[in-house]
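Below is one structure, written out as structure tokens, with a few remarks after it.
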Amino acid sequence: MATALNYNIHIDFEGDLDPQQLAVVTHPLDGGHAFVVAGAGSGKTRCIAYRSAWLIEQGVHPEDICAVSFTKKAGEELGERIARVHPQGAAVRTSTYHSLGYHWLREWELCSGRAVWPEWVAVRALRDIIRDQRRWPKKVGAEDLLKLFTELKERALLPQHVARELDTWG
């Protein structure tokens, strides 16, 4: 790890945080994972913002920190809070879980040549395919077909097995 970066600032971690938040924020870098259970309004976003600032003060480069949230709106708020707590906080990557996962898929070239679609896009595409192909004898819903594809994927079937399964389905 890099030596502490000198930003000549003072963040009053002890004064700004309650004891539980302070314990989370200052959890040692070599102390393993910190598991936090916290309800609404308990200061989770505040802890993540201050933890990011604390990590920067410990010498972690802001570009090496990733703060993740569930929603885009929460991620934007998180980024703003980190930037308010530390002058270098704007360089911390903030993301949603889904966006980060998609970024990794692209970065590691795991979806090269393939599209990763949100569920609503996949359902719309399947509706078009069902309408155009008229493959199944009874009315097949795109949502049902998407569930079947998910089940087949989770069973890790080879393409020829998927084709066989689809021929008997519907």
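The values are calculated or read from the model by the stated rules, or taken from the named source; none is laboratory data. Small disclaimer: the values here were computed from a predicted structure and weren't measured. Glycine also receives a Cβ, built like all others from the backbone with ideal geometry; neighbour counts cover every protein chain displayed. To get the accessible areas, we keep the full protein, side chains included, count just its heavy atoms, and leave off ligands, DNA and RNA. Shrake-Rupley method; radii C 1.70, N 1.55, O 1.52, S 1.80 Å.
For a Förster distance of 41 Å, can you work out the FRET efficiency between the beta-carbons of residue 73 and residue 132, rounded to the nearest 0.05?
So the FRET efficiency works out to roughly 0.65.
Sort 123-132, 67-76, 53-62 for me by packing, meaning the mean count of neighbouring Cβ atoms within 10 Å per residue, highest on top.
The packing order, highest mean first, is 53-62, 67-76, 123-132.
So how do 81, 164 rank on accessible area, 1.4 Å probe, biggest first, that is with the largest at the start?
164, 81
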